[in-house]
Amino acid sequence: MKQILIPAVMVTLVLTILTGLVYPLVMTGLSQVIFPHQANGSLIERNGKVVGSELIGQKFTKPEYFHGRPSGAGDGYDAANSGATNLGPTNQALINRVRDDIKKFRQENPTYTGPIPADMLTMSASGLDPHISPASAFAQVDRVAKARGVSPDTVRQAVERHLEGRQFGIFGEPRVNVLALNLDLDKTLAVSGHK
């Protein structure tokens with residue numbers, strides 16, 4: 001019994017130290033040296049203050065800001081409650097929410113008459129998606145321009161500056177980071193009395 005127990009305890013102890021301490025410390029150290037921005041959460045700072053992360057969406061409701069996709073994470077973009085609602089296509093709660101989101105989108109963007117982009121009505125699996133499709137951004141241009149008192153072309157150019165292509169040219173879809181775009185607008189096209 002002793003011949004089996006001592007090696008088992010030793011292997012468990014060695015593996016615990018290697019996989020529970022050494023490996024995480026080495027990976028953390030390497031990531032801090034090689035990718036410090038990403039390793040620290042891809043945080044965005046303005047005037048020395050952290051205002052968000054490139055990886056987690058935020059809830060924008062004012063007309064001078066681009067709005068992200070709906071979020072089912074807590075009260076919206078709550079990383080502690082990340083996850084989808086898992087409502088099926090015939091669930092009445094989902095049907096009602098989508099119907100209300102369509103009505104809200106049309107009220108907020110009265111000059112946009114095209115089909116509403118799907119990502120403005122559907123939640124991501126995590127509920128934390130920081131991106132919208134280019135179509136969703138362009139659908140909101142008139143509202144944002146009017147609220148900021150500038151021409152739609154000026155806001156459209158800001159959207160185009162923030163278009164991100166597919167990763168490595170093949171993965172994912174073109175997208176726009178809502179937080180980065182809104183911060184850029186605040187910096188370049190500030191609303192009077194608003195920064």
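Side notes on the structure shown:
- Residue pairs whose Cβ atoms lie under 7 Å apart, separated by 6 or more positions or on different chains, with the first residue in segment 39-68 and in the same structural domain as Ala137 (by TED's automatic domain parsing) and the second basic (Lys, Arg), are Pro63/Arg143; Glu64/Arg148.
- Segment 102-143, subset among the charged types (D, E, K, R) and either over 27 Å from Gly88 (Cβ atoms) or outside the structural domain of Leu87 (by TED's automatic domain parsing) (or both), residue surrounded by the most Cβ atoms within 10 Å (Cβ to Cβ): Arg143
- Any hit, segment 102-121, residues being polar (S, T, N, Q) and within 23 Å of Ser53 (Cα to Cα): no
- Unique residue being assigned to a helix (DSSP H, G or I) and loosely packed, with under 10 Cβ neighbours inside 10 Å when the list is Leu15, Leu5, Leu21, Leu25: Leu5
- Annotation: of all residues in segment 145-158 being over 11 Å from Ala180 (Cβ atoms) and in contact (Cβ under 8 Å) with a residue 24 or more places away in the chain, the one that is surrounded by the fewest Cβ atoms within 10 Å (Cβ to Cβ) is Gly149.
- Looking across segment 159-184 at every residue that is under 13 Å from the mean Cα position of the chain (by Cα) and of a type in the set (Val, Ile, Thr), the one that is surrounded by the fewest Cβ atoms within 10 Å (Cβ to Cβ) is identified as Val176.
- Ile95 being in the same structural domain as Val141 (by TED's automatic domain parsing), part of a helix (DSSP H, G or I) and under 21 Å from Phe138 (Cβ atoms): no
- Total residues in segment 126-185 satisfying the condition of being hydrophobic (A, V, I, L, M, F, W, C) and part of a loop (DSSP other than H, G, I, E, B): the figure is 4.
The values are calculated or read from the model by the stated rules, or taken from the named source; none is laboratory data. Treat the numbers as computed from the prediction; the structure is a model and nothing was measured. Glycine gets a Cβ as well: all are built from the backbone with ideal geometry, and neighbour counts include every protein chain shown.
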